[in-house]
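Note sheet for the following structure.
The numbers here are math on the coordinates, done by the rules we state, and not lab data. The structure presented is a predicted model; accordingly, all values stated were derived computationally and were not measured. A quick note on method: Cβ atoms are made from the backbone with ideal geometry, for glycine too, and the neighbour counts reach across all protein chains shown.
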Amino acid sequence: MRQWPDLTGQRFGMLVVTAQAESTATGQRRWVCRCDCGNERIVMGSNLKRGTTVSCGCKRYKNLEGQKIGKLTVIGRSDKYGSRGKRKTQLWECKCECGAITYKATDTLTNPDISMCQDCANKYAASKARANAGFKDGTQLTKIVDMTPTAANTSGVRGVYYEKKINKWRARLRFKGKTMSFGTFTRFEDAVFARKEAEKIYFGEFLEANGLELKEYNEE
Ligand SMILES: [Zn+2]
Ligand SMILES: [Zn+2]
């Protein structure tokens with residue numbers, strides 16, 4: 001009978017043998033190993049010595065170092081761990097496009113939709129929510145696409161207001177959070193014309209860029 005050495009305390013890759021485990025039915029010796037990632041695993045002695053098993057399984061993940069995924073560039077493996085159910089998973093140290101350092105597990109890192117730091121993820125979620133509400137760059141698309149005057153507007157044309165003080169019509173346009181004036185006019189029609197021209201200039205390009213068309217509001 002061949003004399004097997006006691007492997008307790010020995011290191012094989014990321015594994016350190018902590019105790020002997022029950023041998024297999026065919027008498028092959030097995031060892032309890034603690035992986036550097038914190039997981040425990042029972043490994044056959046032959047696999048340890050041949051170098052077939054070098055971790056609890058966490059090392060099977062491909063090395064993502066230097067890769068750019070989503071907004072993140074992988075710096076390397078960190079000494080931080082996250083949990084995936086009962087398992088622990090080593091986290092990658094990553095640098096976000098915004099400059100922030102963040103730690104990601106392989107599964108979240110390799111998903112380009114969420115491959116970003118928490119700050120960027122929050123901004124992304126907020127911009128998505130705004131997009132769903134019809135906002136883009138601070139302008140609500142659903143509002144500018146439909147030019148029907150609001151209830152508060154008395155002229156019948158959006159962006160055209162009568163200014164009692166000066167006895168004139170004013171053409172205004174709100175775009176990307178800013179209200180711009182396009183002059184005051186004695187004739188209502190002139191103010192409407194100014195507003196329509198402003199719409200073409202400011203909204204036309206903007207809507208085109210977003211694949212939308214301006215619905216003309218007909219006041220006649
Ligand atoms: Zn491991
Ligand atoms: Zn970021």
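Per residue of the stretch 86-102, in order, report the coupling 6.51 cos²θ - 1.76 cosθ + 1.60 (Karplus, θ = phi - 60°) as ³J(HN,Hα) in whole Hz, putting x for Gly and Pro.
So the Karplus estimates, Gly and Pro as x, are 7, 7, 9, 10, 6, 9, 8, 8, 10, 10, 7, 3, 7, x, 6, 9, 9 Hz.
With +1 on the Cβ of every Lys and Arg and -1 on the Cβ of every Asp and Glu, and nothing else charged, how large is the dipole of the stretch 61-131 about its Cα centre, in debye rounded to the nearest 20? Numbers along the way, then the final one.
Values: 14 positive and 7 negative charges, 50 e Å.
In debye, rounded to 20, the stretch 61-131 gives about 240.
I need the calculated FRET efficiency for the pair Lys80 and Tyr124, taking r as the beta carbon distance and R₀ as 22 Å, to the nearest 0.05. Intermediate values should be presented prior to the final figure.
Values: r = 23 Å, r/R0 = 1.04.
Efficiency computed from Cβ-Cβ geometry: 0.45.
Using 0.36 nm per residue of separation minus the Cα-Cα distance, give me the extension gain between Asn111 and Arg34 in nm, one decimal.
Numbers: separation 77, 0.36 × 77 = 27.72 nm, distance 2.93 nm.
Difference between extended and current length: 24.8 nm.
Report, by chain and number, residues whose modeled amide H sits under 5 Å from the one on Met180, excluding near sequence neighbours (fewer than 5 apart, same chain).
Amide H to amide H, under 5 Å and 5 or more residues apart or across chains, Met180 pairs with Leu173, Arg174, Phe175.
Neighbour counts of other C-beta atoms within 10 Å: give me Asp107, Asp190 arranged from fewest to most.
Numbers: Asp107 12, Asp190 16.
If I rank by nearby Cβ atoms, fewest first, I get Asp107, Asp190.
Could you please state, rounded to a whole Å, how far the C-alpha centre of the stretch 16-45 is from the C-alpha centre of the stretch 91-126?
Centre-to-centre distance over Cα atoms comes out at 36 Å.
At 7 Å along Cα-to-Cβ for each site, give me the label-to-label distance between Cys98 and Asp190 in nm.
4.9
Report the extension gain between Thr73 and Glu197 in nm, rounded to one decimal, defined as 0.36 nm multiplied by the number of residues separating them, less their alpha carbon distance.
Values: separation 124, 0.36 × 124 = 44.64 nm, distance 4.62 nm.
Between Thr73 and Glu197, full extension yields 40.0 nm more.
Out of residues 5 or more away from Thr139 or on other chains, whose amide H comes under 5 Å of its own, with H placed 1.01 Å from N in the peptide plane?
Distant-sequence amide H within range of Thr139: Lys176.
If R0 is 30 Å, what FRET efficiency do you get for Ala25 and Val54 from their C-beta distance, rounded to 0.05? Walk me through the numbers before you get to the answer.
Numbers: r = 25 Å, r/R0 = 0.84.
Result of the calculation: an efficiency of 0.75.
Could you give the Stokes-Einstein D for the stretch 61-131 in µm² per second, using the C-alpha Kirkwood radius, 4 °C, 1.567 mPa s?
Numbers: Rh = 12.4 Å.
Value of D from the Cα-based Kirkwood radius: 104 µm²/s.
Give the residue from Cys58, Ile42, Gly82 lying farthest towards the positive end of the charge dipole for the stretch 24-94; charges sit on Cβ (+1 for Lys and Arg, -1 for Asp and Glu) and the dipole is referred to the Cα centre.
Among Cys58, Ile42, Gly82, the one farthest towards the positive end of the dipole of the stretch 24-94 is Ile42.
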